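Note sheet for the following structure.
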Amino acid sequence: MKKKIAIITGASSGLGREFVRQLDKKMEMRREKRAGTKNRNENPIVNSNDILDEMWVVARREERLAELRSQIRTALRVIPLDLTQKQSFQTIRALLETEQPDVRYLINAAGFGKIGSWKDISIEDCDDMIDLNCRAAVDMTQLVLPCMSRGANVLELCSTAGFQPFPYLNIYSASKAFLYRYSRALRVELLGEGIHVTAVCPYWVKDTEFIGTAQNTEKSTYIRHFPLASRKKNVVRHALMDAELGLPVSTPGLVCAVHRIAAKFIPGEVMMGIWAFLRRI
């Protein structure tokens with residue numbers, strides 16, 4: 001039988017790391033339920049296809065990935081790669097061709113943003129944002145999809161920033177708008193194959209490295225505060241639940257749910273005016 005795996009990018013920190021932990025807990029609960037019914041000589045209430053054999057974790061910081069081994073029960077394969085580099089995907093391709101796994105979850109959580117005006121952000125950071133938030137997610141999805149089958153889940157980590165244009169967060173929000181549209185269209189293409197694609201669109205998350213990284217520019221005071229920010233534990237729990245329900249979009253929190261609805265009806269220029277007021281609070 002093919003090995004059943006999950007692939008999580010950006011797993012060295014933040015939401016990616018939290019996805020590894022919560023997915024492992026979910027698998028442990030399923031193992032216990034299956035073992036319990038076997039002990040009672042009953043038909044298992046959990047299908048073996050729903051239990052992972054291994055998780056592949058991808059990020060640049062190998063030592064941070066290796067730390068996860070002592071924190072989870074599921075077997076872990078550490079794949080230290082920089083996904084802004086195209087040659088990294090040759091490694092992924094070779095692994096998939098050699099192992100021929102059955103990928104049950106692909107979670108593209110790698111990404112970053114920068115706060116500032118166009119003149120505050122370097123061309124290198126602009127390119128890396130586009131490469132990591134857009135190209136890397138698409139390349140990983142394209143490589144992994146042939147290894148997925150009915151009932152598998154793709155989670156693309158988008159953002160509530162993808163719902164509208166955001167001055168002083170312009171490249172990040174544009175990259176997430178790209179990933180959001182890609183996810184929505186891909187979901188329809190894969191409906192007949194039974195593979196679910198969910199665009200996960202959180203609001204600010206206070207307990208990750210994202211905000212600190214985003215503010216690390218020559219001038220980051222364009223956004224002063226991050227009121228009502230979410231916590232990674234809640235975002236990931238909500239996202240996994242929505243993905244298993246087969247929902248096309250996960251808005252894990254009240255703010256992002258309201259934002260998604262408002263952006264459908266309020267013109268972009270008005271939304272940017274509202275944003276200009278809110279970011280000064």
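The values are calculated or read from the model by the stated rules, or taken from the named source; none is laboratory data. All of these numbers come straight from a predicted model, not from anything done at the bench. With ideal geometry, Cβ positions are generated from the backbone for all residues, glycine too; neighbour counts draw on all protein chains shown. Protein only, heavy atoms only, side chains kept; ligands, DNA and RNA dropped before computing areas. Shrake-Rupley method; radii C 1.70, N 1.55, O 1.52, S 1.80 Å.
Tabulated data
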{"quantity": "Exposure of Asp125 as accessible area (Å², to 10), given a probe of 1.4 Å and all protein chains", "calculated": "40 Å²"}
{"quantity": "Option label - Rg/Rh (Cα atoms, Kirkwood Rh) computed here, alternatives (i) 0.98; (ii) 1.30; (iii) 0.96", "calculated": "(i)"}
{"quantity": "Cα-based reach from Lys86 at 21 Å (exclusive), listing lysines while leaving out same-chain residues under 8 positions away", "calculated": "Lys176"}
{"quantity": "Of Lys26/Lys206; Lys2/Lys33; Lys3/Lys114, pairs whose Cα-Cα distance is over 31 Å", "calculated": "Lys3/Lys114"}
{"quantity": "Surface share of carbon and sulfur [accessible, 1.4 angstrom probe, percent] for the range 73-223", "calculated": "51 percent"}
{"quantity": "Per-residue ³J(HN,Hα) for the range 238-245, Karplus 6.51 cos²θ - 1.76 cosθ + 1.60, θ = phi - 60°, Hz, x for Gly and Pro", "calculated": "5, 5, 5, 5, 5, 5, 5, 7"}
{"quantity": "The chain: relative contact order in percent, alpha carbon pairs under 8 Å with at least 6 residues between", "calculated": "18 percent"}
{"quantity": "Bins of 10 Å, starting at 0 and running to the largest distance - Cα pair percent for the range 122-281", "calculated": "10, 37, 37, 14, 2"}
{"quantity": "Over the range 42-130, equivalent-ellipsoid semi-axes from the Cα gyration tensor in Å", "calculated": "33, 16, 14"}
{"quantity": "Mean accessible surface per residue for the chain, computed with a 1.4 Å probe while every protein chain stays in place, in Å²", "calculated": "49 Å²"}
{"quantity": "DSSP beta bridges in the range 82-220 [antiparallel fraction, %, rounded to 5]", "calculated": "0 percent"}
{"quantity": "The range 1-145, dipole about Cα centre (Lys/Arg Cβ +1, Asp/Glu Cβ -1), debye to the nearest 20", "calculated": "800 debye"}
{"quantity": "Full-stretch length increase - Gln142, Leu95 - with 0.36 nm per residue and alpha-carbon distance subtracted", "calculated": "15.5 nm"}
